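The values are calculated or read from the model by the stated rules, or taken from the named source; none is laboratory data. Model, not experiment: these values are computed from the prediction. Neighbour counts are summed over all protein chains in view; Cβ atoms, including those assigned to glycine, are modelled from backbone coordinates with ideal geometry.
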Amino acid sequence: MSTATALKQETSMTGADGYDPTVYHPVESPGGVEISIRNFNLWYGQSQALHGVSMEIQKGMVTSLIGPSGCGKSTLLRSLNRMNDLIDHLRIQGDVRLSGEPLFGPQVDVIALRKRMGMVFQKPNPFPMTIAENVTYALKVDGVTNKKLLAEACESALKGAALWDEVKNRLNDSALGLSGGQQQRLCIARAIAGNPEVLLMDEPCSALDPIATMRIEQLIEELKSTYTIVIVTHNMQQAARVSDNTAFMYLGRLIEYGATKEVFTNPHSKRTEEYVTGRFG
């Protein structure tokens, strides 16, 4: 039995709200599965935020998580690098694996895990230090002191984030002097400086103007040749533009997960169709 078939069988029951069962038709990567999520549940105290989420995130592809506010997409994203561990009274159940290795359990080095998954937040959050220091911050924390290595890593990351040409002559200036779009690309450079396997992006364009948003979307297209990218977005047009696969979530449940074009033009779930056509949101 294939993994995809197993996933379909695991989620073949009709949802509690009476809508269509979860449907899986994602584009599969030649590189295989990067992140495997099986029957994942999460509670904040007595309140359950995620209900039996099962999906496989494909290596070297962009996967968008969409759905109305409060549907659990950011909670799921932050679970992948265990940022939710910082929340009191959190409880999880299920299995999540990165390249076959479990993400939860007493044996997992959470710091090492987070190095494997770079994170970019909704609002640009450069540190109050120079541009170069922002990019190399994590490397210095890891004990890298060689100035040549730090300079090479800084240049490589800034080029990877399509920012080098704009800042190469002002690396010692404060990062806070950059525009909003530049700050977000700086945060992407900081995230990739440590050579992660996965980039997690939580609404990375929501605070940006259309021009800066376009630059970030172009950058995502370039970065997917090197990283597996998971992006949370409220902008369905953005999801359609940048992602290979799209997962629609509602009330903490994964309703449909498939090829982006199919999800938006020929959804299998009635609930998905209602959302992508704007009947609720």
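Quick look at the numbers
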{"read-out": "Among the residues listed as Gly143, Gly105, Gly118, the single one being part of a strand (DSSP E or B) and either touching a residue at least 40 places away in the same chain (Cβ under 8 Å) or surrounded by fewer than 16 Cβ atoms within 10 Å (Cβ to Cβ) (or both)", "value": "Gly118"}
{"read-out": "Selection count where residues are farther than 19 Å from Lys224 by Cβ and under 23 Å from the mean Cα position of the chain (by Cα), scope region 155-173", "value": "0"}
{"read-out": "Any hit, region 33-48, residues being within 20 Å of Thr233 (Cα to Cα), modelled with pLDDT of 90 or more and surrounded by fewer than 19 Cβ atoms within 10 Å (Cβ to Cβ)", "value": "no"}
{"read-out": "Criterion violated by Arg185 - all others in (1) among the basic types (Lys, Arg); (2) more than 20 Å from the chain's Cα centre (by Cα); (3) under 21 Å from Val242 (Cβ atoms) satisfied", "value": "(2)"}
{"read-out": "Within region 193-226, tally of residues that are within 22 Å of Thr130 (Cβ to Cβ) and crowded, with 22+ Cβ neighbours inside 10 Å", "value": "1"}
{"read-out": "Selection within region 56-98 - over 26 Å from Gln218 (Cβ atoms), among the hydroxyl-bearing types (Ser, Thr, Tyr) and under 16 Å from the mean Cα position of the chain (by Cα)", "value": "Thr75, Ser79"}
{"read-out": "Selection within region 80-102 - in contact with a strand residue (DSSP E or B) (Cβ under 7 Å, 6 or more places away or on another chain), surrounded by fewer than 18 Cβ atoms within 10 Å (Cβ to Cβ) and either under 17 Å from Pro196 (Cβ atoms) or of a type in the set (Gly, Ala, Ser) (or both)", "value": "Gly94, Arg97, Ser99"}
{"read-out": "Enumeration of residues in region 223-269 that are in contact (Cβ under 8 Å) with a residue 60 or more places away in the chain, more than 27 Å from Trp43 (Cα to Cα) and charged (D, E, K, R)", "value": "Lys224, Asp244, Glu262"}
{"read-out": "In region 165-182, the residues that are over 22 Å from Phe121 (Cβ atoms) and surrounded by 15 or more Cβ atoms within 10 Å (Cβ to Cβ)", "value": "Leu171"}
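Yes/no matrix, rows are residues, columns are (1) of a type outside the set (S, T, N, Q); (2) closer than 15 Å to Leu65 by Cα:
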position: Pro210; (1), (2): yes, no
position: Thr213; (1), (2): no, no
position: Leu219; (1), (2): yes, no
position: Ile229; (1), (2): yes, yes
position: Ala247; (1), (2): yes, yes
position: Glu256; (1), (2): yes, yes
position: Tyr275; (1), (2): yes, yes
